[in-house]
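Report on one structure; see the data block that follows.
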Amino acid sequence: MTAPDASSGKLMAVSDGGPARTPRGLADVFLQNTLQNFERWILFIAPAPPAKILVPHLPAVAASVATLYVVVMWMVFVDVAGTAWAANLPQGVRDVFEHITNFGLSGWFLIPFAVILIGLAAVISPALPQMTRGVLTALAVRFGFLFLAIGVPGLFATIVKRLIGRARPFVGGADDPFSYMPFIWRPEYAAMPSGHSTTSVAAAIAIGAIWPRTRWVMWVFALTIMASRVIVLAHHPSDVIAGALVGATGAFLLRRWFVGRRLLFCPRDLRPYPGPSLGRIAAALRQVVVTKPTSL
């Protein structure tokens, strides 16, 4: 029986009849394979790309500054009117949007993407044919980008909103868009930026960057989630605009990070490289099924 080669980082084949044929042995093989693949992926992605890759273009800077200006102006002139409009909507409308808004939770994206990544990490192995490894690795790069481009801005928003401490509408019985309690970890003072808006906009940009034909669907989704946060009285309008800015900035920076690592996107125009076809994906999955688990 052979063992994992620690110096090369490859998981070698286990002979038939060895411990890996038991359920616990198989679990150990898959676990070690998963850990080794994640280690390799992290070591490859983690080093910062050249600084010039992360420098945003002038139009992106101008758009960000304009968005911040809109946030400030809406705080002064729009927030109170927007919240009053939402409060006067029929209760039935708000009840519908109470269900719709839940689809803006990050778990709808991060959990399935994480499951896919873990599954790919468990089965990608030198024991598979080179073409199969290439197809599965291409999928891992795509879902890894999606997970990070949605998860990182969401994590940033989760932390920052509690440091800012802006009150949600009608906290304390009145709608005061200038009520703040900074550095407090209480949900009623976690309005800006909107986490749902951050997640939905980041998802629209990240998914649209890989599959451009889905952009219009994803933006309809993002705008619906953003509107829902105001309608259910969870946020002021400026909160959702701020969340959109965080989500967009994070997703664009993650795309440039991958460009700097020469992954997924073309450096010249940021277009995605062609991915494996459905036929090749199906063939790769069939190859994984027929490969003996003891040889992964």
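The values are calculated or read from the model by the stated rules, or taken from the named source; none is laboratory data. Quick caveat, the model's predicted, so the values are computed rather than measured. A quick note on method: Cβ atoms are made from the backbone with ideal geometry, for glycine too, and the neighbour counts reach across all protein chains shown.
Numbers at a glance
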read-out	value
Top-ranked residue in the stretch 22-63 [being of a type in the set (Gly, Ala, Ser) and more than 20 Å from the chain's Cα centre (by Cα); ranked as surrounded by the fewest Cβ atoms within 10 Å (Cβ to Cβ)]	51
Matching residues, the stretch 82-105, being under 22 Å from residue 222 (Cβ atoms), assigned to a helix (DSSP H, G or I) and touching a residue at least 60 places away in the same chain (Cβ under 8 Å)	82, 83, 86, 93, 94, 97, 98, 100, 101, 103, 104
Scope the stretch 173-201; condition over 30 Å from residue 112 (Cα atoms) and in contact (Cβ under 8 Å) with a residue 60 or more places away in the chain; matching residues	175, 177, 178
Enumeration of residues in the stretch 144-172 that are closer than 24 Å to residue 118 by Cβ, in contact (Cβ under 8 Å) with a residue 12 or more places away in the chain and within 13 Å of the chain's Cα centre (by Cα)	144, 145, 146, 147, 148, 149, 150, 151, 152, 153, 154, 156
Residue among 243, 172, 208 that is closer than 30 Å to residue 48 by Cβ, surrounded by fewer than 21 Cβ atoms within 10 Å (Cβ to Cβ) and of a type in the set (Gly, Ala, Ser)	208
Pick from the stretch 142-177, criterion assigned to a helix (DSSP H, G or I) and out of contact with any helix residue (DSSP H, G or I) (no Cβ under 8 Å at 6 or more places or on another chain), ranking: modelled with the lowest pLDDT	172
Test: residue in the stretch 264-273 that is surrounded by fewer than 24 Cβ atoms within 10 Å (Cβ to Cβ), hydrophobic (A, V, I, L, M, F, W, C), part of a strand (DSSP E or B) and touching a Lys or Arg at 6+ places or on another chain (Cβ under 8 Å)	yes
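Residue-wise test of (1) assigned to a loop (DSSP other than H, G, I, E, B); (2) free of Cβ contacts under 8 Å to residues at least 24 places away in the same chain; (3) in contact with a strand residue (DSSP E or B) (Cβ under 9 Å, 6 or more places away or on another chain).
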{"site": "203", "(1), (2), (3)": "no, no, no"}
{"site": "216", "(1), (2), (3)": "no, yes, no"}
{"site": "228", "(1), (2), (3)": "no, no, no"}
{"site": "234", "(1), (2), (3)": "yes, no, no"}
{"site": "239", "(1), (2), (3)": "no, no, yes"}
{"site": "249", "(1), (2), (3)": "no, no, no"}
{"site": "282", "(1), (2), (3)": "no, yes, no"}
